[in-house]
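No lab work stands behind these numbers, since they all come straight from the coordinates. These numbers were taken from a predicted model, which means no experiment stands behind them. Note that each Cβ is placed from the backbone with ideal geometry, even for glycine, and that neighbours are counted across all protein chains shown.
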C-alpha cells in the first residue's frame, strides 16, 4: 500500500494505492466510512456479505469503479489464476474503522 495523500488512520481525506497479488483476498469486513475505489490495472474481484465465497466474486477490470457504503460487509482480492496483480486507487475519509466480521480468523485469505 502506498499513501499518496493523508492516511487510513489520520482524520480527514485519504488517497492510497493498493496492489493486490494473485491468490489473496481480504476476509469479510466493513468500514465506518464510505470508500471509493478505482481499478487502475488488472482485475479486482469483489463481493458483499459476511460469508466468504470468492468463487462468487464479481470481476472489476481496469477502469472499473466500486463504492463501498459505510458498514456494508464485503471482501475482495485477486483470484489465484490471474496473470497479474490488480492495482486499486482508494479514496475516503479516515479514520476508516476497519471491522472484521469474524476477528478470530485472519484478515487475509490465500485462495
A careful count of residues in the stretch 16-45 that are farther than 25 Å from residue 101 by Cβ and exposed (fewer than 15 other Cβ atoms within 10 Å of the Cβ) gives 2
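Filter the stretch 46-70 down to residues that are within 23 Å of residue 103 (Cβ to Cβ) and surrounded by 14 or more Cβ atoms within 10 Å (Cβ to Cβ), then give me how many there are. Outline the logic, then answer.
Restricting attention to the stretch 46-70, the residues satisfying the condition of being within 23 Å of residue 103 (Cβ to Cβ) are 46-54, 57, 68-70.
Subsequent filtering for residues that are surrounded by 14 or more Cβ atoms within 10 Å (Cβ to Cβ) retains 46-48, 52, 54, 57, 68, 70.
So the answer is 8.
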Anything in the stretch 42-90 that is touching a residue at least 60 places away in the same chain (Cβ under 8 Å) and under 11 Å from the mean Cα position of the chain (by Cα)? List them, or say none.
86, 87, 88, 89, 90
Of all strands (runs of 3 or more DSSP E) fully inside the stretch 38-111, the set with 1 or more residues that are over 23 Å from residue 7 (Cβ atoms) is 43-48, 58-61, 74-78, 108-110
